[in-house]
Amino acid sequence: MTHTITMRLPKELADNLTELADNLGLTRSEMIRTAILKYVVVDNIPEYSQLKVSSNDYVRSSIKLNDLLFSIVENQAKNNHTSVNSLIVFAAQKTFDYYSELLTKLDL
């Protein structure tokens, strides 16, 4: 079963993820699903900090998650006393930072 989540991403992050995903031949949704697996599927989320998204500076978009990913973000949000959206934004930012640094090191 799939679950559709509507999320609010900071506009700059959404734009950066879209550009990076295009460069890597992925979709923004694929990048975010990968981000959930890399940064949210851990007992202790490293360096977690909730990013504030002002009401004027975000892009609303939807992502489809399978049962596994949905249960991961839902449980981790509960365990970390935060929202699913905050975890997705955190993971998306960490993924953007990681791949941007990697591409810079490779001179791409």
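Could you say which residue among Leu51, Leu26 is more than 16 Å from Ile5 (Cα to Cα), surrounded by 12 or more Cβ atoms within 10 Å (Cβ to Cβ) and modelled with pLDDT of 90 or more?
Result of the check over Leu51, Leu26: Leu26.
Consider Asn56 against the criteria (1) polar (S, T, N, Q); (2) surrounded by 12 or more Cβ atoms within 10 Å (Cβ to Cβ); (3) modelled with pLDDT under 90: it satisfies all of them except one. Which criterion is unmet?
It is condition (2) that Asn56 fails.
Go through (1) more than 15 Å from Ser62 (Cβ to Cβ); (2) in contact (Cβ under 8 Å) with a residue 60 or more places away in the chain and name the single condition Asp15 misses.
The single condition Asp15 does not satisfy is (2).
Step by step: first the residues of region 59-70, then only those that are among the charged types (D, E, K, R) and loosely packed, with under 12 Cβ neighbours inside 10 Å, then the one that is nearest to the chain's Cα centre (by Cα). Which residue is that?
Arg60
Which residues, counting only those in region 18-34, are closer than 17 Å to Leu68 by Cα and in contact (Cβ under 8 Å) with a residue 24 or more places away in the chain?
Ser29, Met31, Ile32, Arg33, Thr34 - these are the residues of region 18-34 that are closer than 17 Å to Leu68 by Cα and in contact (Cβ under 8 Å) with a residue 24 or more places away in the chain.
Quick check on my filter: what residues within region 69-101 are closer than 19 Å to Thr27 by Cβ and either among the small types (Gly, Ala, Ser) or at pLDDT below 90 (or both)?
Across region 69-101, the qualifying residues are Ala91, Ala92, Ser100.
The values are calculated or read from the model by the stated rules, or taken from the named source; none is laboratory data. From a predicted model like this one, the values you see are computed outputs, not experimental measurements. Note that we place each Cβ from the backbone using ideal geometry, even for glycine, and neighbour counts take in every protein chain shown.
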